Amino acid sequence: MSTRVWAAVTLGVLLVALAVVVAVRVPWSIPPAPRADQLAALNDLPPQAVAKGRAFHAALRPGGYGALTIGLLVAVVLGFSPLGARMVETVARPFGGHWLAQAVLGGLAVVFAGELLTLPFAVWRQRVLREYGLSTQDWGAWVVDLLKAFALGAVVGTVALVGFFTVTRLFPRWWWAVGAVGAAALMMLFTFVFPVLVEPVFNKFTPMEQSQLRSDLMELAARDGVPVKDVLVADASRRTRAVNAYVSGFGATRRIVIYDTLLREAPDAEVRVVVAHELSHARDNDVLTGTLIAALGAALGVCGLFLLGGWTPLLRRAGVESIAEPRAIALLVALAALAGVLAGPAQALVSRRIEARSDAHALRLTGDPASFEAMMSRLALVNLADVDPNRVEYTLFSSHPSVVARLAMSRAWARAH
Ligand SMILES: [Zn+2]
């Protein structure tokens, strides 16, 4: 069999594996709350808060769509024309056009071209966040965060680019196989490394002081069969008013992280509800599910790239001889951007299902729908949520059930118990 046939077979096997993971590990059986209950919940929310959330999201919308459109446009123009290949050559010229210079500098140039052109939209977004009082960051701190994110992206990007093009040089015919394994492994590694190396770049974490709440949360975790090592408080108030909490790490390193904003805003019973929701993610290994999907998706992507690389008209359009050469970076970025746009709604759907399961679990574990509802209303109020987003945007972008859907679910649960 030729390598192309092998790649096609592998692609098929990975697709089946992905379908199995999604079918088995995603809770498809929980039906969304009836629309009538959602509308009743909507009616009970303070109309002013609902209107403010809507206005906030309407103000964000042009910037959001602008960034999406321009980002995609830049990627497509550079990738599906010889412009991108020329850009890679140009930045590597001072280094004699060495492949490493092409891979690293070329790759960073292509990516940062997109970042730079969408920067005005990022500024727009931050302006809206400040105007609505959600961001507590001044522009200096915001720029520092932006630079940190750029630096982090540059480091990760450099490792990925050098890795990828080393593999394509070492294994000209089988790079897709090595690359698929490598990409999947990288996704797994990132899940473990992220909480340890990346989170501290943006936030400071301090162990929560001994208190009734802390003991309550540790007890809740133990009762749920998800022992945690510690409860940490993140200094999120440095940058936002938004409230949140999450469980990070695995096994012996697992800890509950609570935004200081949440502790300030919410009574203890509501914090318990949030933590119970987060414990459910740990208990059902939702991070593992997410990582598996990401790893299979990444491996699929590499096989797909190899197969697309045999399509001569595409290569000719991008002005490259092979998809595995550094001059093809812009083409790779364009294909990745398109794949991202297509995969987004599917990821959002999977995420909404998993989040609904965690809500149901939080209700079971705390047996406290009143606090659940109070917390949801508070979350909506403080985070300026669009409590009942329009159907299209909800389908395309929402990672969580809408606030009214979550409220309706809680009411249904209360009725049944
Ligand atoms: Zn969640």
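Bear in mind these aren't lab numbers, they're just calculated from the coordinates by the rules spelled out. Nothing here was measured: the structure is a model prediction, and the numbers come from that model. Heads up, the Cβs are rebuilt from the backbone with ideal geometry, glycines too, and the neighbour counts pull from every protein chain shown.
Label-to-label distance for residue 396 and residue 342 is 1.8 nm, based on points extended 7 Å past Cα in the beta-carbon direction.
In terms of overall dimensions, the C-alpha atoms belonging to the range 349-402 reach 33, 24, 13 Å along their principal axes, ordered largest to smallest. Placing one identical point scatterer on every Cα of the range 193-343 and ignoring solvent, what is log10 I(q)/I(0) from the Debye formula at q = 0.21 Å⁻¹? One equal scatterer on each Cα of the range 193-343 leads to -1.25. With each label modelled as a point 7 angstrom along the Cα→C-beta vector, the residue 139-residue 24 pair spans 5.4 nm.
Across the range 299-314, computed HN-Hα scalar couplings (Karplus, 6.51 cos²θ - 1.76 cosθ + 1.60, θ = phi - 60°) run 5, 4, x, 5, 4, x, 4, 4, 5, 5, x, x, 8, 4, x, 5 Hz from first to last residue, x flagging Gly and Pro.
Residue ranges 52-63, 249-260 sort as 249-260, 52-63 when ordered by packing (mean number of other C-beta atoms within 10 Å per residue, highest first).
Which whole-number percent of Cα pairs in the range 168-277 have a distance greater than 25 Å? Percentage above 25 Å: 36.
Between residue 119 and residue 51, residue separation times 0.36 nm minus the direct Cα-Cα distance comes to 21.6 nm. Global size of the chain: 23.3, 73 Å for Rg and Dmax (C-alpha atoms, Rg to one decimal, Dmax whole). Computed over every Cα-Cα pair of the range 1-49 and binned at 10 Å starting from 0, the pair-distance distribution P(r) comes out as 20, 21, 18, 17, 13, 9, 2 percent. Using R0 = 60 Å, the C-beta based FRET efficiency linking residue 93 and residue 252 works out to 0.75.
Under 13 Å of direct C-alpha separation, and excluding same-chain neighbours fewer than eight residues apart, residue 148 reaches these aspartates and glutamates: 199. For residue 232, the residues whose modelled amide H falls within less than 5 Å of its own, excluding neighbours fewer than 5 places apart on the same chain, are 208, 256, 257, 258.
For the range 328-417, the convex hull spanned by the alpha carbon atoms encloses 113 Å³ per residue. Here the range 114-186 is treated as an ellipsoid with the same Cα gyration tensor; its semi-axes, largest first and in whole Å, are 38, 11, 11.
Per the Debye formula on identical point scatterers at the alpha carbon atoms of the range 264-386, with no solvent, log10 I(q)/I(0) at q = 0.10, 0.14 Å⁻¹ is -0.52, -0.74. Compactness of the range 280-347 is given as radius of gyration and Dmax, 15.5, 50 Å, from Cα positions. Summarising the label geometry, the points placed 7 Å from Cα in the beta-carbon direction at residue 77 and residue 416 lie 5.2 nm from one another. Note on 129, 314: ascending count of other Cβ atoms within 10 Å places them as 314, 129, the fewest first. The calculated pair-distance distribution of the range 269-317 uses every alpha carbon pair, bins of 10 angstrom beginning at 0, and gives 22, 24, 20, 15, 12, 6, 0 percent. In order along the range 260-274, phi translates into HN-Hα couplings of 4, 5, 5, 4, 6, 7, 10, x, 3, 4, 6, 4, 4, 4, 4 Hz, rounded to whole numbers, per the Karplus curve 6.51 cos²θ - 1.76 cosθ + 1.60 with θ = phi - 60° and x for Gly and Pro. Between the alpha-carbon centres of the range 201-260 and the range 16-58 there is a gap of 26 Å.
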